[in-house]
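Any read-out appearing in this document is the output of simple, stated calculations on the displayed coordinates, not a laboratory observation. Computed from a predicted structure; not experimentally measured.
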């Protein structure tokens, strides 16, 4: 089976797209890949995978980076303690 899905991230598209620039878009085993499309302040990840395991791996990779971004952004915005 072949799987396709989209993840749409609403907000801060410029910085998030920079975060994913150095990422490999096609995985070594060539069972999955993704592309990124910027639409205003939205970022769309289009994912294609040959099987459910490859799909899960791509989703985990993308969401892991998004989690790091969210936590870092939150940490930066925290008031500094003196």
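Helical content alone sets the calculated 222 nm signal of the chain at -14000 deg cm²/dmol, taking -39,500 (n - 2.57) per DSSP H segment of four or more residues and averaging over every residue. With contacts taken as Cα pairs under 8 Å and at least 6 residues apart, the chain reaches a relative contact order of 33 percent.
In terms of Cα atoms, the Rg and Dmax of region 3-77 work out to 12.6, 40 Å.
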